[in-house]
Structures are given as structure tokens and as C-alpha cells.
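Everything below concerns the one structure shown next.
The values are calculated or read from the model by the stated rules, or taken from the named source; none is laboratory data. If you're wondering where the values come from, they're calculated on a predicted model, not measured in any experiment. Here the Cβ positions follow ideal geometry from the backbone for every residue, glycine too, while neighbour counts run over all protein chains shown. Just the protein is used for accessible areas: all its heavy atoms, side chains included, with ligands, DNA and RNA removed. Shrake-Rupley method; radii C 1.70, N 1.55, O 1.52, S 1.80 Å.
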Amino acid sequence: MLKIGITGGIGSGKTTICRIFEVLGIPVFYADNAAKSVMHSDALLRQDIIKGFGQESYFETGELNRKHISSIVFNDAEQLARLNALVHPAVFRTFDTWVALQSNVPYVLKEAALLFESESYKMCDRSILVKSPEALRIARIIARDNITAEEVRLRMNRQFSDEKKEKLADHIIINDEDLLLIPQVLELHQHFLSLSDDH
Ligand code: ATP
């Protein structure tokens with residue numbers, strides 16, 4: 001099964017583009033949502049998190065104590081890397097299981113905000129980078145999440161720059177106000193269909 005990773009900076013339009021691929025019948029694995037759910041569902045990961053970040057990482061009810069975890073990893077790159085080193089392998093396992101369940105589809109997409117940073121692009125056959133001007137991304141996120149420009153910038157700082165990602169990406173989708181998304185997605189879709197024939 002051909003696996004295509006798709007990423008882009010915060011507010012670049014990854015999810016919007018994935019919805020278009022879904023309309024074309026392509027299954028999408030949302031790695032960032034999976035990362036949240038494995039912290040609840042993966043027993044091994046739960047043990048590792050408790051070991052690494054304390055018993056108070058989970059409430060007695062079993063729910064994840066997000067506030068506790070965020071207070072440790074927010075603004076501390078080393079702690080965040082430590083958490084990611086635990087969470088990412090669990091997400092990779094979930095992705096592999098999910099891929100094995102897909103049938104009769106030419107290819108699948110994996111949407112991940114940190115596709116390059118987490119090195120998970122190495123497990124994909126191709127990668128797509130969604131690019132969008134920074135000012136537009138900030139305006140979209142402020143409108144979507146009701147947060148300040150400063151908070152958006154903080155989140156942006158945790159990702160590689162577009163220049164760095166561009167060097168690693170196989171394909172680029174531009175999501176600004178001038179270029180239409182659907183023709184760009186259709187062109188890539190055709191390309192991946194022909195790749196999957198050879199696969
Ligand atoms: P995040 O990294 O925060 O998950 P994302 O890259 O997945 O963001 P989206 O959620 O797809 O980005 O888009 C951010 C916001 O911008 C959404 O509210 C979406 O509806 C809007 N948006 C994205 N692309 C366009 C577009 N081409 N035209 C109009 N609105 C758009």
C-alpha cells in the first residue's frame with residue numbers, strides 16, 4: 001500500500017486539503033489526533049508516561065491530566081522531545097495497524113504536523129508539504145482558535161521552517177489566496193494513482 005505523508009505549518013490548510021482527498025475516496029490517518037488518543041488507550045505508553053512525568057499525569061479516573069503534561073513540556077524543548085520520544089512510536093504502531101485494515105484503495109494519506117520533525121516521513125513513500133504565507137496562516141488560526149498572534153507564533157516556533165521542510169518534501173501544495181486547491185489536489189491524486197499502479 002502506497003503511503004503519502006502530508007504536512008505543513010500550523011494553519012497552512014493540511015486538514016482542509018485532506019478533506020478533499022477524502023472526498024476522492026482516499027483514507028486519511030490523522031496522526032495528531034492519534035497522538036492524543038494513544039495517550040489514553042495504549043497501556044504501555046501510559047506506564048512510560050507515568051514513569052517519566054509522574055503519577056499525576058493521569059487522574060484516578062484514568063483520564064490524562066493534560067494540564068500537568070502541558071505545564072512540563074510547554075516552553076521546554078527537552079521535555080517535549082522526551083514526551084514525543086514516548087508518544088511517536090505508539091502512533092507509528094497505530095498507523096501500521098490502521099494501514100493493514102485498509103483495502104481496495106490505491107493509496108493512503110498520513111497527516112502529521114511534525115512529519116519531518118518526527119522523521120515519520122521516512123516511513124512514507126512520498127511526502128506533501130502545504131505552504132501558505134505566514135500572515136495568512138496567523139489570521140486563519142486567530143479566526144479558528146480564538147487565540148492571539150503571539151500564541152500562534154509560539155506554536156509556529158516548534159516546527160521546522162518551510163525552507164527546511166521544502167528540502168525534504170517530494171510535492172508542494174500552495175494554499176494562498178491566488179491558487180485554487182482542488183486542481184492541485186486532483187493533479188497529485190492522478191500522480192499517486194499512476195504510482196500505485198506501478199507499486
Ligand atoms: P493546524 O496545523 O492548526 O491543524 P491546518 O494546517 O490543518 O492547521 P486547517 O485547519 O485546514 O489548517 O486550516 C486552518 C483554517 O483556515 C481553517 O479554519 C480552514 O477552514 C481555513 N482555511 C484553510 N485553507 C483555506 C482556504 N484555501 N480558503 C479559506 N479558508 C481556508
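Figures for the structure shown
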| item | result |
| --- | --- |
| Amide N proximity, the stretch 95-113 versus LEU44 label position 7 Å along Cα-to-Cβ, cut-off under 14 Å | 95-97 |
| The chain, accessible surface, carbon-and-sulfur percent (1.4 angstrom probe) | 53 percent |
| Contact order relative to length of the stretch 73-164, as percent, for alpha carbon pairs under 8 angstrom and 6 or more apart | 19 percent |
| Virtual paramagnetic centre 7 Å along Cα→Cβ of ARG155, amide N under 20 Å, in the stretch 1-38 | 6-20, 29-38 |
| For TYR58, solvent-accessible area (1.4 Å; no DNA, RNA or ligand), Å² | 20 Å² |
| Helix 43-53 axis, angle to the chain major axis (alpha carbon atoms, nearest 10°) | 60 degrees |
| Principal-axis tilt of helix 134-145 within the chain, Cα atoms, nearest 10 degrees | 60 degrees |
| Percent antiparallel among DSSP beta bridges (both partners in the chain, rounded to 5) | 5 percent |
| The stretch 173-199 and the stretch 10-89: distance between their alpha carbon centers, rounded to Å | 29 Å |
| Net charge over other residues, Cβ less than 12 angstrom from the Cβ of ILE10 (K, R count +1; D, E count -1) | +2 |
| Net dipole in debye of the stretch 18-88 [+1 Lys, Arg Cβ; -1 Asp, Glu Cβ; about Cα centre; nearest 20] | 80 debye |
| Selected from PHE160, PHE29, PHE74 as most flexible by GNM, with the chain as the system and alpha-carbon contacts under 10 Å | PHE74 |
| The stretch 157-199 - Kirkwood radius from inverse mean 1/r over Cα pairs (Å) | 12.4 Å |
| Overall form of the stretch 45-199 per C-alpha gyration tensor (a/c, 1.5; a/b vs b/c) | oblate |
| Contact order relative to length of the chain, as percent, for alpha carbon pairs under 8 angstrom and 6 or more apart | 37 percent |
| Where LYS67, LYS165 fall by accessible area, highest first, once all protein chains stay in place (1.4 Å) | LYS67, LYS165 |
| Exposure of SER71 as accessible area (Å², to 10), given a probe of 1.4 Å and all protein chains | 90 Å² |
| Dipole of the stretch 1-141, positive end: most advanced residue of VAL28, LEU45, ASN84 [Cβ charges, Cα centre] | VAL28 |
| ASN104 versus ASP76: modelled label distance in nm, points set 7 Å from Cα along the beta carbon direction | 5.0 nm |
| Residue among THR94, THR61, THR15 with the largest mean-square fluctuation in a Gaussian network model of the chain, springs linking Cα atoms under 10 Å | THR61 |
| Solvent exposure of the chain as accessible area per residue, Å², 1.4 Å probe | 55 Å² |
| Projected label distance in nm at SER196 and ILE182, using a 7 Å step from Cα toward the beta-carbon | 2.1 nm |
| Between helix 31-41 and the chain: long-axis angle, C-alpha atoms, 0 to 90°, nearest 10 | 30 degrees |
| 21 Å Cα-Cα threshold exceeded, pairs from LYS14/LYS110; LYS14/LYS67; LYS36/LYS67 | LYS14/LYS67 |
| Cα-centre dipole for the chain with unit charges at Cβ (Lys and Arg positive, Asp and Glu negative), debye to 20 | 300 debye |
